[in-house]
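To start, the structure under review is shown below, and the notes come after it.
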Amino acid sequence: MVGTVRGVFTVVGAGAAGLLIWVSTQIGEGTLGGYWSVQGILAGAGLTMALSQLFGGWTKWGWPKISVGVFLIGFLPVLVAAGWVLLAGQPDANWFQRHITSWSGHLAIGGLVDDLRQYLGVLAFGLGLVFGFTFDTSGPLPPPQLGRRAPEPVEDQTALETGPPVAEPVVPAPPEGDREDQPVT
């Protein structure tokens, strides 16, 4: 059953992501606003795919919450790396684009950044996808246990204060020759 529900959510998520990708093709990237609109829509398509798995029951059917560890260790480095290339790929030579390109040259990663500029849409999609992976669920609350009896009320208050009776250990009697009450001769 879970596989069927997850399959439906996956196909709906893929359809929604595909629609968002198509919408992004209808926007011109020649301006700074158009460029960031396209990248934001593509990131939204990636987020849609991750959320389709979350809501499809992949992560235990509970209420969504942000996983701080995944956000800090998984998403933030991806944000820095993809954001670096996305800033370098802007169509207008603004302050960010000029500085990122210059810093890339100084860090000897200019060639890598130039190569990745050919895949800006993929980076934006992946950024949204990884952000979606930061969400997890705690799982549903366990159902109440039916058929189990509640503990019997305790009538004796001393039993509540001292706990159940504990048997005292049995100490064997000393041998006849070692008894203290016998006189020593």
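The values are calculated or read from the model by the stated rules, or taken from the named source; none is laboratory data. As the structure is a computational prediction, the values presented were derived from the model and not from experiment. Quick reminder, even Gly has a Cβ in these numbers, built from the backbone with ideal geometry, and neighbours come from all protein chains shown.
Going by what's in this entry, would Trp58 be described as modelled with pLDDT under 95 and within 27 Å of Thr137 (Cβ to Cβ)? Break it down into steps so the answer makes sense when it comes.
Values: modelled with pLDDT under 95: yes; within 27 Å of Thr137 (Cβ to Cβ): yes.
Judged against the criteria, Trp58 is a match.
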Need pairs with beta-carbon distance below 9 Å; first residue at negative phi and part of a loop (DSSP other than H, G, I, E, B) and within segment 50-68, second acidic (Asp, Glu) and modelled with pLDDT under 85; sequence gap 6+ or separate chains.
Thr59/Asp136; Gly62/Asp136; Ser67/Asp136
I need the full set of residues from segment 8-49 which are β-branched (Val, Ile, Thr), touching a helix residue (DSSP H, G or I) at 6+ places or on another chain (Cβ under 6 Å) and not in a helix (DSSP H, G or I), in order please.
Ile27
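Within segment 46-64, restricting attention to residues that are in contact with a Phe, Trp or Tyr (Cβ under 9 Å, 6 or more places away or on another chain) and hydroxyl-bearing (Ser, Thr, Tyr), which residue is surrounded by the fewest Cβ atoms within 10 Å (Cβ to Cβ)? Step through it out loud before you land on a result.
The first filter runs over segment 46-64 and keeps only residues in contact with a Phe, Trp or Tyr (Cβ under 9 Å, 6 or more places away or on another chain), leaving 46-47, 49-59, 64.
Pick out the ones that are also hydroxyl-bearing (Ser, Thr, Tyr) and you get 52, 59.
Numbers: Ser52: 22, Thr59: 16.
By that ranking, first place goes to Thr59.
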Residue match in segment 87-107 (condition: surrounded by 15 or more Cβ atoms within 10 Å (Cβ to Cβ), among the hydroxyl-bearing types (Ser, Thr, Tyr) and in contact (Cβ under 8 Å) with a residue 40 or more places away in the chain)
no
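Just to check your reading of the model, which residue among Phe75, Phe96 is assigned to a helix (DSSP H, G or I), modelled with pLDDT of 95 or more and touching a helix residue (DSSP H, G or I) at 6+ places or on another chain (Cβ under 6 Å)? Step through it out loud before you land on a result.
Details: Phe96 fails: modelled with pLDDT of 95 or more.
Being assigned to a helix (DSSP H, G or I), modelled with pLDDT of 95 or more and touching a helix residue (DSSP H, G or I) at 6+ places or on another chain (Cβ under 6 Å) holds for just one of Phe75, Phe96, which is Phe75.
Counting just the residues of segment 22-45 that are surrounded by 18 or more Cβ atoms within 10 Å (Cβ to Cβ) and not hydroxyl-bearing (Ser, Thr, Tyr), which one comes out modelled with the lowest pLDDT? First the steps, then the outcome.
Restricting attention to segment 22-45, the residues satisfying the condition of being surrounded by 18 or more Cβ atoms within 10 Å (Cβ to Cβ) are 24, 29, 35, 38-39, 41-45.
Right, trim to not hydroxyl-bearing (Ser, Thr, Tyr) and you get 29, 38-39, 41-45.
Numbers: Glu29: 87, Val38: 96, Gln39: 97, Ile41: 97, Leu42: 97, Ala43: 97, Gly44: 97, Ala45: 97.
Within segment 22-45, the match that is modelled with the lowest pLDDT is Glu29.
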